[in-house]
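These notes are about the structure you will find just below.
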Amino acid sequence: MDINKIMADLEAKHPGEKEYLQAVKEVLMSVQNVYNEHPEFEHNKIVERMVEPDRIVTFRVTWLDDKGEVQNNIGYRVQFNNAIGPYKGGIRFHASVNLSILKFLGFEQTFKNALTTLPMGGAKGGSDFSPRGKSDREIMRFCQAFMLGLWKNLGPDRDVPAGDIGVGGREVGYMYGMYKRLVNEHNGTFTGKGLSFGGSRIRPEATGFGALYFVQSVLKEKSEDIAGKTVAISGFGNVAWGAALKATELGAKVVTISGPDGYIYDPAGLDAEKIDYMLELRASGNDIVAPYAEKFAGSEFFAGRKPWERKVDIALPCATQNEVNGEDAAMLVANGVQLVAEVSNMGCTPEAIDAFLEARITYAPGKAVNAGGVATSGLEMSQNAMHLQWSEAEVDEKLHTIMRDIHEQCVKYGRQADGYINYMKGANIAGFMKVADAMMGQGVC
Ligand code: 2IT
């Protein structure tokens, strides 16, 4: 495989799509050697077919704000690859959303979903709509208008969306409600639904819980335990909340959370009340964490800064892509961090990853660490298809098994001769091989 040529061709075709090109390059670099051992992949142009989405749908989303004014946004769905199962992946509502970001997310989702061992292809969607400061009615009207543009492309065996940044249980409910009216079927074509209409237990917690189960496996591999370790978390949304909840339950001390406005340092560590307060902060719709420091004595707010300047044992980026850069990584390394596990998708820049690998610090990529979210979505699809609902214990047990399995796959493909486990390489090879195998089995199409 000639990575330089593939990347140059891709860049010429999709100029300026930097997140997408970054995600593709990372995977190609990881799989290069294995790929070259399989001439049939080259013969069937597996990589060239894999890096282009199967289909991209873009549509205008027009809605009325509370003042009665007409608002326009762009909606997208990137159906990346359905070799393994129906297209599956979240929807992101954020002002920054563009095609490059959704293509990178859809590409990553394809390999992540393969790692879960469940039959799901990869997709991602979203809009440049910003939920910040919007009323509940505005959110509802936007979700309904978004569905009008997308519903024809969805279905339980076609494409099953879920939440992502800016899309939680409330938004999924509004979208699914409109979808259901349009198709006149209650067929479960969304995951992250409310418990009373087909949702799965543990789905809200699953991304964060799964990430901590993965971290437990990583530490076990090193004959260590998470209890007593200090943890830096970024973000304060659904994923950060689930991670903080499980980390605390397992005896770790979470000392930071963050928002677009800066970060909170709380040396006493988060407790149940503070973790509940994260939900309140999120529900306020203001997208800021500063009020935490006013509420909880002993904590401090650092405007415009990131939590990575703190001395911690474990760093869990839980906010968004490229939130840990080379400089942040250097600070974490200098402060003796032992493990960096991305809970956000592509949370680290290539420079940051290089810094961790060079310092031989364990770094685990989002597509392995955060796969518990979509895995539990897969479990929600199974429950919907069987018209039943599993107990919390049943879902949690399955989530545990899946995360342990993902960890094993990473170790299998990522262990180096000197014993160091390159989780990025392991996850990329394991995911890639499964998708490649499924594509090979279905012929050139
Ligand atoms: O990035 C992700 O894996 C998600 N946002 C969840 C996707 C899903 O379909 O549950």
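Out of (1) within 28 Å of M147 (Cα to Cα); (2) in contact with a helix residue (DSSP H, G or I) (Cβ under 7 Å, 6 or more places away or on another chain), the odd one out for E52 is which?
With respect to (1) within 28 Å of M147 (Cα to Cα); (2) in contact with a helix residue (DSSP H, G or I) (Cβ under 7 Å, 6 or more places away or on another chain), E52 is out only on (2).
Search the range 161-173 for residues being in contact with a Lys or Arg (Cβ under 9 Å, 6 or more places away or on another chain) and not hydrophobic (A, V, I, L, M, F, W, C), and hand back the single one that is farthest from the ligand (Cβ to nearest atom).
Residue satisfying both the conditions and the ranking: G173.
Considering only residues that are without any contact (Cβ under 8 Å) to a residue 40 or more places away in the chain and either farther than 17 Å from L154 by Cβ or out of contact with any helix residue (DSSP H, G or I) (no Cβ under 9 Å at 6 or more places or on another chain) (or both), which ones fall in the range 97-124?
V97, N98
Of all residues in the range 362-400, which are more than 12 Å from the ligand (Cβ to nearest atom), touching a Leu at 6+ places or on another chain (Cβ under 9 Å) and of a type in the set (G, A, S)?
Those that are more than 12 Å from the ligand (Cβ to nearest atom), touching a Leu at 6+ places or on another chain (Cβ under 9 Å) and of a type in the set (G, A, S): A364, S382.
State all residues of the range 131-153 that are assigned to a loop (DSSP other than H, G, I, E, B) and either in contact with a Lys or Arg (Cβ under 8 Å, 6 or more places away or on another chain) or surrounded by fewer than 16 Cβ atoms within 10 Å (Cβ to Cβ) (or both); if no residue qualifies, say none.
Correct list: R132, G133, S135.
Please go through the range 2-24 and pick out each residue that is surrounded by fewer than 16 Cβ atoms within 10 Å (Cβ to Cβ) and touching a residue at least 40 places away in the same chain (Cβ under 8 Å).
G16, K18
Just to check your reading of the model, which residue among A114, A123 is aliphatic (A, V, I, L, M), modelled with pLDDT of 95 or more, out of contact with any His (no Cβ under 6 Å at 6 or more places or on another chain) and more than 19 Å from G168 (Cβ to Cβ)?
On inspection, the qualifying residue turns out to be A114.
Please go through (1) surrounded by fewer than 18 Cβ atoms within 10 Å (Cβ to Cβ); (2) of a type outside the set (K, R); (3) out of contact with any Leu (no Cβ under 9 Å at 6 or more places or on another chain) for L115 and return the number of the only condition it doesn't satisfy.
(1) is the only condition that L115 fails.
Say we look at the range 92-112 and pick out the residues that are of a type in the set (S, T, Y) and farther than 21 Å from M381 by Cβ; which of these is surrounded by the most Cβ atoms within 10 Å (Cβ to Cβ)?
Among those residues, the one meeting the criterion is S100.
How about the range 301-420: which helices (runs of 4 or more DSSP H) wholly inside it have at least 1 residues that are of a type in the set (D, E), touching a residue at least 12 places away in the same chain (Cβ under 8 Å) and surrounded by 21 or more Cβ atoms within 10 Å (Cβ to Cβ)?
Passing ranges, in order: 326-334, 371-386.
Cβ-Cβ below 8 Å, separation at least six or inter-chain, first residue in the range 140-166 and at positive phi, second of a type in the set (A, V, I, L, M) and more than 16 Å from the ligand (Cβ to nearest atom): which pairs?
Close Cβ pairs satisfying both conditions: G155/V183.
If we keep just the residues of the range 164-173 that are outside any helix (DSSP H, G or I) and touching a Pro at 6+ places or on another chain (Cβ under 9 Å), which is surrounded by the fewest Cβ atoms within 10 Å (Cβ to Cβ)?
G168
The values are calculated or read from the model by the stated rules, or taken from the named source; none is laboratory data. Worth saying up front: this structure is predicted, and the values here are computed from it rather than measured. Positions of Cβ are backbone-derived with ideal geometry, glycine not excepted, and every protein chain shown enters the neighbour counts.
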